[in-house]
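For reference, the structure discussed in these notes is given below.
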Amino acid sequence: MILDATTLPLIFVTLMGLSILLYVILDGFDLGVGLLMPFATPDERDRMIASIGPFWDANETWLVLAIGLLLVAFPAAHGTILTALYLPVTVMLIGLILRGVAFEFRAKAPRTQKPWWDRAFFAGSLMTALSQGFMLGIYILGLRWTWASVTFALLTAGALTVAYSFIGAAWTILKTDGALQTKAVRWARGGIWGVVLGMGSVSLATPLTSDRIMDKWFGFPEIVLLAPLPLCSLALIVMLWVSLRNLPSANDRFAWLPFVGAIGLMALGFAGMAYSFYPYIVPEQMVLYDAAAAPESLRIIFYGALVVIPVILAYTVLAYVIFRGKATQLSYD
Amino acid sequence: MEALLLSRVQFAANISFHILFPTITIALGWVLLFFRYRFARTGERKWWDAYMFWVKVFALSFALGVVSGITMSFQFGTNWPGFMETVGNVAGPLLAYEVLTAFFLEAVFLGIMLFGASRVPGWLHITATFLVAFGTTMSAFWILVLNSWMHTPAGFELRDGIVHATDWMAIIFNPSMPYRLAHMLLASGLTVAFLIVGIVAFRRLLGDRSETSATQLRFGLVLGAVLIPLQILMGDLHGLNTLEHQPQKVAAMEGNWETGPNVPLVLFALPDEVARENRFEIAIPNGASLILKHSADGVVPGLNDFVAEDGTVLHPPVAPVFWSFRVMVATGMAMLALSWAGLVLLRRRGAHNLPKPFLYAGVAMTFSGWVATLAGWYTTEIGRQPWLVQGVLSTEAAVGDVAAPMVLGSLITYLVVYAVLLLAYIGVLLHLARRAARGDTPVREEPRRPSEAQAAMPAE
């Protein structure tokens, strides 16, 4: 393959897409755990937080990689997108700060302060989830701030928050047992309707916002070729619904299924969105080839990424293997 | 113009808050590796206790560093889009390499280091600790490469106003990089040395008589005493490097207006940029010439050389550079005095019997590393103004088109959050110290012996 001004932007937009997807899945489940905090008792909170303790930091790093790739591979789009999203980005950053530090402070500060840091943990997770969903909505509508786009963005904000809570509940089912697991199954049963509603409305609304996207989906033969996407989503939702009805189960059988199903749904939703926007990096304004950095700079990152990303994935898997099984008390030993 | 000033204040506030925590974690990672290794070798409980106390501080500092670092990475785009648009071809790969070779390494192995001691064999736990320390240092390497390049850009050409990389070795090993990197790594070591001295001295004052606290106190004092002369030497070399590449910055640091020989070393003055002279100057004759040129009649550059024909000032604002440089040097001298006095007292009286006034002095110096590091960064960063990338991109040209009230709003929010977090951080350090002094640490298992851990692994 020739690494030039046509292939490199494509490679980098794929890399960026994959890190956003990994971020949404991985930080999605720990943000979701944060969102579910108010529904748990103090002891349950400790266990839920213990279940994400070894992972959240690395999960968040995928966001840094994604924004880093946008920054380095598409410098022209980077400034346009981030200045247009100044307000929600600020809210998200404050949220990420609160969430990240509350995690540490709640375990180390004097006991009397702990409920406050739990609130900060919830508030930070909520601010992060809502603002990310809001940004998604504004982005879909081409980074314009109008009454219609803000309304749509509020819808996507709610949808993403529900999706995060759902995958958080699915993670809790996987990583806990007993009363907490039963509770998490209840959360997931409630959450799945929110996911259906959110994914459905975003999927229907997106083509309506642009003729180009409408043609990409509902032209012929696209409508046939793309049919597997909605059909797979539907099958996954049915599977999730059935598995949630049968959980908790004896011997914890299929406790992993909701989590895997949630990952599948997120991946499908993401694939649909990626298809809608390609080749635009700023919807309807800037195609990715016009926004890309110089090939000689992209090449040097590409060689590095080729070596390093498999290593990163390997030791990430190692961490998940080491901390496999049910979460116990968060302990430094 | 107003958004420019607000964006600068916001970036300065964010980066000042951010750098506090990496300054601790870069060196503390290696200190933890040392404690962990000593425990593995000797089996002495005091080393494990030292590890367990400081690993909590590490985890907290790391989290604060991560979240404030994410804020920085977004602000490149939200407030300074011109930076990446102009120099993205150089800055981009350097930042990408930081994420790829450092961030993931630190973040993943941090989980194993913090929570894995009873789940993995000892050698893997030590390896995880090593990789975290290595990751923080790699991160420092890449970011200092980029920062140094902004001061002494090399290995590039300008095409249509955009920087294109031509020689990556020249970019990475740009003229000021080795000095700046060494200066910063030593600063991190000193910050941790005095943090340990201060916090453990506080524990001793509260009545902690444990062997581990005496050992940590000795460790901190010896580390500080060894590093501070190296840092003074490195600072001198870095200064000479700056003189070669950014003479206007050195002129501001010295408060010297006219280029010439026999320039005095100004100890105190109020630089007046309107009159272009120093008021209330106290100076040592020939001092600056001696330090910078190593001869009394050495010619030292003056600020008046950096004013354009039309009166445009091309040198940095004088007073902030002049003063932050003096704060840094004075703090360094105080570090030298305390740590060397500490060495003498350790020899004469031992770590268990250090006199109370000395312990109080140690507590007063707990955050001296932060003061010196911030003052040093202000010196070099304000000293680069009005440039963002020396000679290539002005700060004014890089700022984004965001409404000033929006920037003001976000700035105030950040300031409030950072103030609260800084107070909470210091509060938790003191809380942890008080608990350790009471001997109130939860009962924990020591890490597994390698043999039993390995035997247990496949069965799980």
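Below, the figures for the structure above:
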{"quantity": "Cα-based helix-to-principal-axis angle, B:404-437 vs chain B, degrees rounded to 10", "calculated": "30 degrees"}
{"quantity": "Expected 222 nm ellipticity per residue - DSSP helices of 4 or more, -39500 (n - 2.57), all of chain B, to 500", "calculated": "-24000 deg cm²/dmol"}
{"quantity": "10 Å-binned pair-distance histogram of the range B:1-92 (Cα, whole percent)", "calculated": "15, 31, 24, 15, 11, 3, 0"}
{"quantity": "Full-stretch length increase - B:Thr259, B:Thr166 - with 0.36 nm per residue and alpha-carbon distance subtracted", "calculated": "30.0 nm"}
{"quantity": "Cα long-axis angle, helix B:368-382 against chain B (0 to 90 degrees, to the nearest 10)", "calculated": "30 degrees"}
{"quantity": "When the convex hull of its Cα atoms is projected in every direction, mean area for the range A:84-176 (nm²)", "calculated": "6.8 nm²"}
{"quantity": "At least 15 Å along the helix axis (C-alpha) and Kyte average at least -1.0, DSSP helices within chain A", "calculated": "A:7-36, A:42-52, A:56-73, A:86-108, A:114-140, A:147-175, A:178-209, A:228-245, A:257-277, A:295-322"}
{"quantity": "Three-way shape label, the range A:206-333, alpha-carbon gyration tensor, a/c 1.5", "calculated": "oblate"}
{"quantity": "Folded to 0 to 90 degrees: helix B:318-349 orientation relative to chain B principal axis, Cα", "calculated": "30 degrees"}
{"quantity": "Ordering of B:118-126, B:75-83, B:423-431 by burial proxy (mean other Cβ atoms within 10 Å per residue, highest first)", "calculated": "B:75-83, B:118-126, B:423-431"}
{"quantity": "Cα centroid separation - the range B:231-256 against the range A:281-333, whole Å", "calculated": "39 Å"}
{"quantity": "Residue mean of other protein chain beta carbons inside 10 Å, B:152-165", "calculated": "1"}
{"quantity": "Calculated FRET efficiency for the pair B:Glu44/B:His431, C-beta based, R₀ 22 Å, to 0.05", "calculated": "0.25"}
{"quantity": "Value of D in µm² per second that Stokes-Einstein yields for the range B:283-400, Kirkwood Rh from Cα pairs, at 20 °C (1.002 mPa s)", "calculated": "121 µm²/s"}
{"quantity": "Rel. contact order, % - alpha carbon contacts under 8 angstrom, at least six apart, chain B", "calculated": "21 percent"}
{"quantity": "Qualifying lysines (Cα of each under 18 Å from Cα of B:Lys249; at least 8 residues distant if same chain)", "calculated": "B:Lys293"}
{"quantity": "Inter-part distance where the range B:284-308 and the range A:134-149 are each reduced to a Cα centre, Å", "calculated": "57 Å"}
{"quantity": "The protein assembly as shown shape via C-alpha gyration tensor axes, a/c threshold 1.5", "calculated": "oblate"}
{"quantity": "Most mobile listed residue (A:Leu155, A:Leu318, A:Leu63) in chain A, GNM with C-alpha springs under 10 Å", "calculated": "A:Leu318"}
{"quantity": "Kirkwood-based shape ratio for the range A:1-156, expressed as Rg/Rh from alpha carbons", "calculated": "1.04"}
{"quantity": "Expected 222 nm ellipticity per residue - DSSP helices of 4 or more, -39500 (n - 2.57), all of chain A, to 500", "calculated": "-27000 deg cm²/dmol"}
{"quantity": "FRET E, pair B:Ile282, B:Val307, Förster distance 30 Å, beta-carbon r, rounded to 0.05", "calculated": "0.70"}
{"quantity": "Charge sum, other residues only, whose C-beta stays under 10 Å from B:Thr380's C-beta, Lys/Arg counted +1 and Asp/Glu -1", "calculated": "+2"}
{"quantity": "Rough spin-label spacing in nm, given labels placed 7 Å along Cα→Cβ, for B:Phe268 and A:Thr146", "calculated": "6.6 nm"}
{"quantity": "Stretchable slack from A:Ile2 to A:Glu284, in nm (0.36 nm times residue separation minus alpha-carbon distance)", "calculated": "98.7 nm"}
{"quantity": "Relative exposure of A:Lys183, A:Lys175, judged by other C-beta atoms within 10 Å (fewest first)", "calculated": "A:Lys183, A:Lys175"}
{"quantity": "Alpha-carbon gyration tensor eigenvalues x 5, square-rooted, for the range A:150-215, Å", "calculated": "31, 10, 8"}
{"quantity": "For the range B:160-271: relative contact order, % (alpha-carbon pairs under 8 angstrom, 6 or more apart)", "calculated": "28 percent"}
{"quantity": "Estimated translational D of chain A in µm²/s (Stokes, Kirkwood radius over Cα pairs; 4 °C; 1.567 mPa s)", "calculated": "62 µm²/s"}
{"quantity": "Alpha carbon centroid spacing (whole Å) that separates the range B:1-73 from the range A:28-92", "calculated": "20 Å"}
{"quantity": "Approximate spin-label separation B:Met406-B:Leu314, in nm, with each point projected 7 Å along Cα-to-Cβ", "calculated": "3.5 nm"}
{"quantity": "Surface/4 of the Cα convex hull for chain B, nm²", "calculated": "25.3 nm²"}
{"quantity": "Peptide A:80-88 - average C-beta neighbours from other chains (10 Å radius)", "calculated": "5"}
{"quantity": "Over the range A:7-322, relative contact order from alpha-carbon pairs under 8 Å, at least 6 apart, %", "calculated": "22 percent"}
{"quantity": "Partner lysines for A:Lys175 [C-alpha distance under 26 Å; skip if fewer than 8 residues away on the same chain]", "calculated": "A:Lys108, A:Lys114, A:Lys183, A:Lys326, B:Lys56"}
{"quantity": "Debye log10 I(q)/I(0) for the range B:217-313, one point scatterer per Cα, at q = 0.12, 0.14, 0.16, 0.23 Å⁻¹", "calculated": "-0.47, -0.60, -0.73, -1.17"}
{"quantity": "Residue-count net charge about B:Val163 - beta-carbon cut-off 14 Å; Lys, Arg +1, Asp, Glu -1", "calculated": "-4"}
{"quantity": "Anisotropy class of the range B:385-432 from Cα gyration tensor, a/c 1.5 cut", "calculated": "oblate"}
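Read-outs throughout are calculated quantities, based only on the coordinates presented, and are distinct from any laboratory measurement. Predicted model, so just to flag it, every value in this text is computed and none were measured. So basically every Cβ, Gly included, is an ideal-geometry build from the backbone, and we count neighbours across all protein chains shown.
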